[in-house]
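Undergrad: Provided herewith is a single structure, encoded as structure tokens, for subsequent inquiry.
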Amino acid sequence: MTDHDLAPLITAAIAASHNAYAPYSNYPVGAALKGADGKIHTGCNVENASYPATICAERSALVKAVSDGQQTFDTIVIASRNGGAPCGICRQMLYEFAPHLRVIVVDFEEKCHIDAPLNTLLTNGFGPSSLHSE
């Protein structure tokens with residue numbers, strides 16, 4: 001995927017951050033997850049006064065994609081004001097579907113902070129194949 005191909009994903013992730021509901025952290029995050037079919041699924045963080053009920057942008061995009069029938073992904077772009085990395089829960093959720101997913105983390109000025117395969121961000125990840133007995 002070229003930098004030119006990433007432009008729509010970066011734009012979509014930053015735009016999705018504008019929909020974030022982040023009254024507690026004041027840390028809006030947007031995500032744009034590209035399916036194998038090329039369709040882009042976006043998500044934003046949605047906080048809750050009961051903090052554990054909060055959902056991150058990455059999981060928001062993933063759940064929307066899966067509920068729309070997509071289960072194969074190749075790239076995700078995550079945008080926040082300072083290029084914060086995805087949390088462990090998001091890494092685990094994404095790993096379920098795409099251990100080799102390209103993860104790109106940018107800030108709102110489009111500066112890239114991370115560009116790496118998911119399986120390097122979640123080393124020794126636990127996925128569906130981990131449940132199969134030999």
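No value in this document is a laboratory result; all are computed from the given coordinates. Remember, it's a predicted structure, so these values are computed and weren't measured experimentally. No Cβ is skipped: glycine too gets one built from the backbone with ideal geometry, and neighbour counts run over all protein chains shown.
Undergrad: Considering segment 22-49 alone, what residues qualify as being among the hydroxyl-bearing types (Ser, Thr, Tyr) and within 19 Å of Ile89 (Cα to Cα)?
TA: Answer for segment 22-49, where residues must be among the hydroxyl-bearing types (Ser, Thr, Tyr) and within 19 Å of Ile89 (Cα to Cα): Ser25, Tyr27, Thr42.
Undergrad: May I ask you to list pairs of residues, at least six apart or on different chains, whose Cβ atoms are under 7 Å apart, with the first in segment 110-134 being in a loop (DSSP other than H, G, I, E, B) and the second being acidic (Asp, Glu)?
TA: Filtered contacts from segment 110-134: Gly127/Glu96.
Undergrad: Among the residues of segment 66-74, is there at least one that is β-branched (Val, Ile, Thr) and in a strand (DSSP E or B)?
TA: No, every residue in segment 66-74 fails to be β-branched (Val, Ile, Thr) and in a strand (DSSP E or B).
Undergrad: Could you list all residues from segment 48-70 that are free of Cβ contacts under 8 Å to residues at least 24 places away in the same chain and not polar (S, T, N, Q)?
TA: Selection gives Pro52, Ala53, Ile55, Val63, Lys64, Gly69.
Undergrad: Taking into account only those residues within segment 1-47 that are of a type in the set (Val, Ile, Thr) and in contact (Cβ under 8 Å) with a residue 24 or more places away in the chain, which is farthest from His100 (Cα to Cα)?
TA: Only one residue tops the list, namely Val46.
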